[in-house]
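What follows is a single structure, written as structure tokens, with notes after it.
The values are calculated or read from the model by the stated rules, or taken from the named source; none is laboratory data. On a predicted model such as this, the values are computed, not experimentally measured, just so you know. Cβ: placed from backbone, ideal geometry, glycine included. Neighbour counts: every protein chain shown.
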Amino acid sequence: MTEQPTATPATSATADAGTAGATTADEAVAAVETIFRIESPRIIAGVTRIVRDVGIAEELAQDALVAALEQWPRDGVPDNPGAWLTATAKHRAIDLVRRRERYARKLAEVGRDLESAPQHVDAPGDPDDIDDDLLRLVFTACHPVLSAEARIALTLRLLGGLTTPEIARAYLAPEATVAQRIVRAKRTLAAKGVAFEVPYGPEREARLGSVLEVIYLIFNEGYAATAGDDLLRPALCEDALRLARVLAELMPKEPEVHGLAALLELQSSRSAARTGPAGEPVLLKDQNRRRWNRMLIRRGFAALARANAVSAGRPGPYALQAAIAACHAQAYAYEDTDWRQIAALYDLLAARSPSPVVELNRAVAVSMAEGPEPALALVDALATEPALGDYHLLPSVRGDLLARLGRTREARAEFERAASLARNERERELLRARAEECR
């Protein structure tokens, strides 16, 4: 049975790995690049609060990067480099606002508050303000007015710190295409007048769904790559997990935020066991569970407990998926898996968030809990679902069920069809091998 798609801890404090007195220009340049990658989301968030435009904010953050590249090799890396970059970018933002007469009223509001505080560059800002700004940036980058592709690209750029070439490589897309998505996303946000704010009430609930969906999609692309030669793209999983952890820190009372964090922690725990020495996929039943990361499992259980504590007994879709992943994590051997509990959780998930993919996963759980025959009936009922018309896992699951029923000729045809639909080369190889086993 193939696994269905469903890191480093995030820090809420400004990076203060100061290396004052760096002896070479190369060390200073390396420090600039490393610190900017870590701090850029908070810098952009803080500047966006002043200029109210993520495109301009990113340009001003880049200006601060250029200033650091010019000054740090000459003067040494400051003791608090993150605060230096943030203050430099904010100073330039204030200058920009001053130069624009139409922003006179905004300058009176923003400039007065900012200039009343000490402006020496090594002074760290208020961490709560930084977190508030970062939360606003998350909701802005994931605004539903943007397409899903644009939201993902902009989130990876502004919050993941990835460059355009890195995003293009991750999604096997031309750099020009990704660059256009990012530019158009910024223009759309400006043209639509999207406010740099965390919405409240029904709008917040709707927007939060978009935010969680983007992080979930980024993780899934890393966990089971749609196309290409590699099954996994670990960097994308790490970026998504980091974003989920940041969001959980910023929104501690939102159950689905913790549910998503729990799901990604638990799914990430299996990564090392999901591929063999040559990068080939390893089926769930064949994985060496001693290679599962117990620290990530513990983090996942803790996040799931937080989700349950604030959900008022009504877990959402991400928390339910995390509970399913927890059932796998609790089983020290494949044979110990509580498939009846997993099937029951899929019943709840199908009721709470119905979709053909959920029904397909539920059929897999039913096959393990009750046998392949009742599950095959469930899978056959999905054959006419338009959303699954080109979904390679539908014939893959059907082939597995037919093979278990001894209908090997039909199983082979299903695996061959699944291989023809799969766009990932590693998955194609696995499905072809399974077809050969049915000869």
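So is residue 367 of a type in the set (S, T, N, Q) and either more than 20 Å from residue 264 (Cα to Cα) or surrounded by 15 or more Cβ atoms within 10 Å (Cβ to Cβ) (or both) or not? Show your work before the answer.
On the way: of a type in the set (S, T, N, Q): yes; either more than 20 Å from residue 264 (Cα to Cα) or surrounded by 15 or more Cβ atoms within 10 Å (Cβ to Cβ) (or both): yes.
Yes; evaluated as a whole, the condition is true for this residue.
Which number in (1) more than 24 Å from the chain's Cα centre (by Cα); (2) over 22 Å from residue 285 (Cα atoms); (3) surrounded by 14 or more Cβ atoms within 10 Å (Cβ to Cβ) marks the one condition that residue 349 misses?
For residue 349, the exception is condition (1).
Out of 250, 260, 243, report the one residue that is within 13 Å of the chain's Cα centre (by Cα), at pLDDT below 90 and hydrophobic (A, V, I, L, M, F, W, C). So that I can check it myself, show each step before the final result.
Details: 250 fails: within 13 Å of the chain's Cα centre (by Cα); 260 fails: at pLDDT below 90.
Among 250, 260, 243, only 243 is within 13 Å of the chain's Cα centre (by Cα), at pLDDT below 90 and hydrophobic (A, V, I, L, M, F, W, C).
For region 351-367, check the following and say yes or no: at least one residue is at pLDDT 95 or above, touching a Lys or Arg at 6+ places or on another chain (Cβ under 7 Å) and part of a helix (DSSP H, G or I).
No, region 351-367 has no match at all.
Please state which of the following conditions residue 328 fails to meet, knowing it meets all the rest: (1) surrounded by 16 or more Cβ atoms within 10 Å (Cβ to Cβ); (2) assigned to a loop (DSSP other than H, G, I, E, B).
Answer for residue 328: the failing condition is (2).
Residues of region 52-78 being among the charged types (D, E, K, R) and farther than 17 Å from residue 189 by Cα, which ones?
Listed by number, the residues that qualify are 63, 70, 74, 75.
Inside region 175-219, can you point out the residues that are in contact with a helix residue (DSSP H, G or I) (Cβ under 8 Å, 6 or more places away or on another chain), more than 19 Å from residue 137 (Cα to Cα) and not charged (D, E, K, R)?
Result: 177, 178, 179, 219.
If you scan region 225-250, which residues turn out to be among the small types (Gly, Ala, Ser) and closer than 18 Å to residue 213 by Cβ? Write out each step before concluding.
Step one: list which residues in region 225-250 are among the small types (Gly, Ala, Ser), which gives 225, 227-228, 235, 240, 244, 248.
Scanning region 225-250 gives 240, 244, 248.
Name the residue, out of 231, 236, 217, 172, that is of a type outside the set (Phe, Trp, Tyr), modelled with pLDDT under 90, closer than 18 Å to residue 150 by Cβ and in contact with a strand residue (DSSP E or B) (Cβ under 8 Å, 6 or more places away or on another chain). Can you show your working first?
On the way: 231 fails: closer than 18 Å to residue 150 by Cβ; 236 fails: in contact with a strand residue (DSSP E or B) (Cβ under 8 Å, 6 or more places away or on another chain); 217 fails: in contact with a strand residue (DSSP E or B) (Cβ under 8 Å, 6 or more places away or on another chain).
Sole residue among the options that is of a type outside the set (Phe, Trp, Tyr), modelled with pLDDT under 90, closer than 18 Å to residue 150 by Cβ and in contact with a strand residue (DSSP E or B) (Cβ under 8 Å, 6 or more places away or on another chain): 172.
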